[in-house]
1. Top mean-square fluctuation among L39, L96, L84, Gaussian network model of the chain, C-alpha springs under 10 Å?
2. For every helix of n ≥ 4 consecutive DSSP H residues, a contribution of -39,500 (n - 2.57) applies; sum these over the chain, divide by its total residues, and give [θ] at 222 nm rounded to the nearest 500 deg cm²/dmol.
3. Where in the chain are the DSSP H helices whose alpha-carbon span along the long axis reaches 20 Å or more and whose Kyte-Doolittle mean is at least -0.5?
4. May I ask you to give the solvent-accessible area per residue for the chain, in square angstrom, as obtained with a 1.4 angstrom probe?
5. Starting from the Cα-Cα distance between A14 and S70, subtract it from 0.36 nm times their residue separation and give me the gain in nm to one decimal.
6. From a point 7 Å beyond the Cα of A31 in the direction of its Cβ, which residues of segment 87-107 have a backbone N at a distance under 19 Å?
7. Carbon and sulfur: what percent of the chain's accessible surface (1.4 Å probe)?
8. If R₀ is 35 angstrom, what is the calculated FRET efficiency for the pair S45 and A24, using the beta carbon separation as r and rounding to 0.05?
Amino acid sequence: MLSYRHLFHAGNAADAFKHTALCAVLDAINAKAKPALYLDTHAGSGLYDLNVDAARQAREFDAGIGILWSGDATGAPGPVLRYLDCVRAENPDGALRHYPGACRIAARLLAP
């Protein structure tokens, strides 16, 4: 059986897309005045260190969050900006070192 460790893939293009979609869904949920339950059945770590060997081995994050991080997000759709805000919150010094997982993004965006 093959072992899967998300740290090798954290922040890649698929992850960036998935987390942007999550931001859109959570924004839609928050727009309603009803309580909601968030349950992540496949959550990994809450926060990934992109400086460890496993993440730097293939540097998949360069083709995902790395592109958005280093580019100009002016005019990007709201969910992309919310996603970037979540990543920026984990990297207050402006250097991309930490990447939030879905559960950390949900904890940040969901209404109390």
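1. Evaluated over the chain, the most mobile residue of the options is L39.
2. Working: 5 runs with 50 residues, N = 112.
Counting only the DSSP helices, I get -13000 deg cm²/dmol.
3. Long hydrophobic helices here: 13-30.
4. Numbers: 6920 Å² over 112 residues.
Value for the chain: 62 Å² per residue.
5. Separation in residues times 0.36 nm, less the Cα-Cα distance, equals 18.4 nm.
6. 106
7. 59
8. The computed FRET efficiency comes out at 0.95.
The values are calculated or read from the model by the stated rules, or taken from the named source; none is laboratory data. Since the model is a prediction, treat every value here as computed from it, not as a measurement. Heads up, the Cβs are rebuilt from the backbone with ideal geometry, glycines too, and the neighbour counts pull from every protein chain shown. Only protein heavy atoms, including side chains, enter the accessible area calculation; ligands, DNA and RNA are left aside. Shrake-Rupley method; radii C 1.70, N 1.55, O 1.52, S 1.80 Å.
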